[in-house]
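Student: Can you read through this structure? Questions will come right after.
No lab work stands behind these numbers, since they all come straight from the coordinates. On a predicted model such as this, the values are computed, not experimentally measured, just so you know. So basically every Cβ, Gly included, is an ideal-geometry build from the backbone, and we count neighbours across all protein chains shown.
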Amino acid sequence: MRYVSTRGGSVDRRFSEVLMEGLAPDGGLYVPTAYPKVDDATLRLWRGLSYAELAFEIVSLYIDDIPADELRAIIASTYTPEVFGSAQIVPLRRLDEQTALLNLSNGPTFAFKDMAMQLLGNLFEAELRRRGAQLNILGATSGDTGSAAEYATRGKQNVQVFMLSPHGRMSPFQQAQMFSLQDKNIHNLAIEGSFDTCQDIVKAVSADLAFKQQYNIGTVNSINWARLLAQVVYYFSGYFQATIDNSERVSFSVPSGNFGNICAGHIARMMGLPIEKLVLATNENDVLDEFFKTGRYRVRDSNETMVTSSPSMDISKASNFERFVFDLLGRDSQRVGQLFGTELSQHSQFSLTAEETARIASYGFVSGKSTHVDRLQTISDTWHRHRIMIDPHTADGVKVAREHLRGGSRTIVLETALPLKFEHIIREATGRGAPRPASVADLEQRPRRCEIIAPSANKVMAYIAQHCTP
Ligand SMILES: *Cc1c(COP(=O)(O)O)cnc(C)c1O
């Protein structure tokens with residue numbers, strides 16, 4: 001399998017190069033030259049596989065530069081009941097006749113980002129070993145991504161992580177989860193500023209090419225193709241658990257921010273998984289809902305981006321979205337370059353033509369939006385009717401899924417985090433605390449490692465220079 005850029009720059013990459021590189025040189029995103037098609041006989045064969053076996057079958061269609069035995073071993077050591085809490089890895093839980101939850105949040109940090117990040121950490125380690133190289137990962141987080149990245153790389157010999165977070169602004173649980181890590185290769189830098197400030201610092205450091213090269217700086221952000229690929233697997237697993245036969249069709253509802261999670265669903269559908277609808281749910285930050293309803297993509301600036309009670313979906317632009325538009329426009333990289341390269345950077349928005357907009361339906365996408373009041377009501381309703389507690393992001397997915405149900409249709413809602421990460425709103429909605437696994441009973445009491453740093457790229461660079469492995 002070869003990879004090209006959505007913007008058509010003349011690149012021809014294999015998986016391991018794309019894994020380490022992130023963004024393509026022309027500013028586009030890497031995509032495979034084609035999506036392998038899966039027929040009915042293959043689906044029948046895959047139905048009986050364990051999660052790790054299924055993951056190997058799917059992922060190996062896209063990777064031809066890691067020996068099969070090695071890839072199989074990496075995947076088998078990633079998706080284990082010890083790490084993900086059950087033999088199914090992503091168990092399906094029925095809510096009612098028409099809706100079910102796919103539990104993607106039983107990994108080490110209790111958010112679905114572990115599903116991809118745990119594999120990414122192991123792939124990085126193997127590739128760096130092959131190259132005899134060291135990597136210093138620099139990232140910014142408002143909560144879930146940073147902790148998923150840290151738990152996926154803790155204790156690894158050839159990786160150091162420098163994770164910037166806005167000082168005092170993550171939820172108490174999220175802070176405790178990251179700052180309690182004692183591994184020497186993990187560095188928590190609490191920046192005296194907002195999440196945007198943290199992101200600006202990461203951008204400034206990455207733009208210093210000499211520094212970036214000297215210290216081998218890399219990223220783990222959501223545009224990395226390997227993360228998307230890992231996420232394709234649970235759509236297949238969810239489908240197999242929800243159906244007995246491949247003639248059945250189900251929809252998926254996905255709480256969305258950067259469009260990574262639902263983009264994996266799009267890929268599964270392109271491969272031939274019988275997905276009826278991909279239901280995209282946003283919170284008050286409704287950039288994507290607006291696009292799927294009108295064909296207009298208008299990114300917001302930071303003072304237009306609201307702080308909500310489903311904070312992991314508080315985005316101003318959706319970093320993975322370009323991959324879907326590339327497919328929607330018939331893989332016309334010139335048009336994609338015009339929209340994302342030119343129009344978006346000049347006007348912060350673009351509009352598809354009426355003819356292009358009309359194609360959205362044939363890709364199965366519908367969308368909707370959920371607000372704080374909807375979230376409270378959905379958490380409370382799900383608790384009282386089903387005795388199941390859901391987190392605020394998953395609640396957005398349930399709310400929008402219900403709006404799109406038709407007679408006889410069935411929807412799997414992706415559970416993107418456990419409620420214990422967001423205690424405050426859970427108490428507000430249900431009057432009680434969220435259940436807590438024994439493994440984190442004393443999390444807030446553990447000693448913490450965290451460096452408070454002024455909002456300055458130079459200060460961060462000095463810290464990295466002092467603490468990294470060159
Ligand atoms: C990251 C995240 C999302 C959004 O996922 P995208 O892939 O960015 O669309 C939703 N919910 C939770 C809990 C998250 O951590």
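Student: What's log10 of I(q)/I(0) for region 362-416 at q = 0.18 Å⁻¹, Debye sum over Cα points only, no solvent?
Tutor: Scattering profile of region 362-416, log10 relative to I(0): -0.60.
Student: Taking the Cβ of Asp245 as the center, what net charge do the other residues with Cβ under 12 Å away carry, scoring Lys and Arg +1 and Asp and Glu -1?
Tutor: Working: positive: Arg44, Arg47, Arg249; negative: Asp40, Glu248.
Charge balance in the 12 Å sphere: +1.
Student: Among the lysines, select those whose C-alpha is under 23 Å from the C-alpha of Lys156, and discard any that sit fewer than 8 residues away in the same chain.
Tutor: Within the straight-line limit of under 23 Å, Lys156 reaches these lysines: Lys113, Lys184, Lys212.
Student: For the chain, what is Rg from Cα atoms divided by 2.2 N^0.38 Å, rounded to two decimals?
Tutor: Values: Rg = 21.1 Å, N = 470, 2.2 N^0.38 = 22.8 Å.
Compactness ratio reported: 0.92.
Student: Ranked by Cβ crowding within 10 angstrom, fewest neighbours first, how are Leu329, Leu135, Leu45 ordered? Show your work: numbers first, answer last.
Tutor: Values: Leu329 19, Leu135 25, Leu45 12.
Exposure proxy ranking, most exposed first: Leu45, Leu329, Leu135.
Student: Continuing with the same structure: What's the center-to-center distance, using Cα atoms, between region 328-360 and region 197-233 in Å?
Tutor: 25
Student: List the longest stretch of the chain that has no exposed loop site; here a site is one of the GluC sites (Glu not before Pro) assigned by DSSP to anything other than H, G, I, E or B, with at most 12 other Cβ within 10 Å. Please report the intermediate quantities before stating the final value.
Tutor: Working: sites that count: Glu97, Glu248.
Excluding the exposed sites themselves, the longest stretch runs over 249-470.
Student: Tell me, what is the FRET efficiency for Met306 and Gln377 to the nearest 0.05, using R0 = 22 angstrom and their Cβ-Cβ distance as r?
Tutor: Working: r = 19 Å, r/R0 = 0.85.
Efficiency at R0 = 22 Å is approximately 0.70.
Student: Can I ask one more? Which whole-Hz ³J(HN,Hα) couplings does region 19-34 yield from phi under the Karplus relation 6.51 cos²θ - 1.76 cosθ + 1.60, θ = phi - 60°, glycine and proline marked x?
Tutor: 4, 7, 8, x, 6, 6, x, 8, x, x, 10, 6, 9, x, 4, 7
Student: Here's another thing I want to ask about it. Express the relative contact order of the chain as a whole percentage, based on alpha carbon pairs under 8 Å and six or more residues apart in sequence. Numbers along the way, then the final one.
Tutor: Details: 883 pairs, mean separation 90.4, N = 470.
It comes to 19 percent, rounded to a whole number.
Student: What 222 nm value per residue comes from the helices of the chain, counting each DSSP H run with n ≥ 4 as -39,500 (n - 2.57) and dividing by all residues, nearest 500 deg cm²/dmol?
Tutor: Details: 21 runs with 201 residues, N = 470.
That comes out to -12500 deg cm²/dmol.
Student: On the Cα set of region 12-162, report Rg and Dmax in Å, please.
Tutor: In order Rg, Dmax, the Cα atoms of region 12-162 give 16.8, 53 Å.
Student: Loop only per DSSP, at most 10 neighbouring Cβ atoms within 10 Å: give me the trypsin sites (Lys or Arg not before Pro) in region 1-96, ordered by residue number. Walk me through the numbers on the way to the answer.
Tutor: Details: sites: Arg2, Arg7, Arg13, Arg14, Lys37, Arg44, Arg47, Arg72, Arg93, Arg94; in loops: Arg2, Arg7, Arg14, Lys37.
Taking region 1-96 and a limit of 10 other Cβ atoms within 10 Å, the loop trypsin sites (Lys or Arg not before Pro) found are Lys37.
Student: In region 331-395, with Lys and Arg counted as +1 and Asp and Glu as -1 at Cβ, which of these residues, Thr371, Ala395, Gln334, has the Cα nearest the positive end of the dipole, that is, farthest along it?
Tutor: In region 331-395, that residue is Ala395.
Student: Treating only the Cβ of Lys, Arg, Asp and Glu as charged (+1, +1, -1, -1), what charge dipole size does region 53-120 show about its Cα centre? Round to the nearest 20 debye. The partial results should precede the final answer.
Tutor: Numbers: 4 positive and 10 negative charges, 68 e Å.
Roughly 320 debye for region 53-120.
Student: Going by C-beta contacts inside 10 Å, put Asp114, Asp26, Asp39 in order with the fewest on the left.
Tutor: Asp39, Asp26, Asp114
Student: How big is the shadow of the Cα convex hull of region 138-192, averaged over all directions, in nm²?
Tutor: Value for region 138-192: 3.2 nm².
Student: Based on the alpha carbon coordinates of region 352-470, what radius of gyration and maximum Cα-Cα distance (Dmax) apply, in Å?
Tutor: 21.5, 62
Student: Provide the percentage of antiparallel DSSP beta bridges, counting only those with both residues in the chain; round to the nearest 5. Intermediate results must be reported in sequence, preceding the final value.
Tutor: On the way: 11 of 46 bridges.
Percent antiparallel among DSSP bridges in the chain is about 25.
Student: Using only the Cα atoms of region 195-255, construct the convex hull and provide its projected area averaged over every direction, in square nanometres to one decimal. It would help to have the intermediate numbers written out before the result.
Tutor: Values: hull surface 25.2 nm².
Taking the Cα atoms of region 195-255, their convex hull projects to 6.3 nm² on average.
Student: Placing unit charges on C-beta atoms (Lys and Arg positive, Asp and Glu negative, everything else neutral), compute the dipole magnitude of region 306-366 about its Cα centre in debye, rounded to 20.
Tutor: Numbers: 5 positive and 7 negative charges, 17 e Å.
Roughly 80 debye for region 306-366.
Student: Which loop trypsin sites (Lys or Arg not before Pro) in region 307-416, with loop taken from DSSP, have no more than 12 other Cβ atoms within 10 angstrom of their Cβ?
Tutor: Values: sites: Lys317, Arg323, Arg331, Arg335, Arg359, Lys369, Arg375, Arg385, Arg387, Lys399, Arg402, Arg406, Arg410; in loops: Lys317, Arg331, Arg387, Arg406, Arg410.
Those that pass, being in a loop and sparsely packed, are Arg387, Arg406.
Student: Roughly how many debye, to the nearest 20, is the charge dipole of the chain about its Cα centre, given +1 on each Lys and Arg Cβ, -1 on each Asp and Glu Cβ, and no other charges? It would help to have the intermediate numbers written out before the result.
Tutor: On the way: 49 positive and 52 negative charges, 73 e Å.
Magnitude of the dipole: close to 340 debye.
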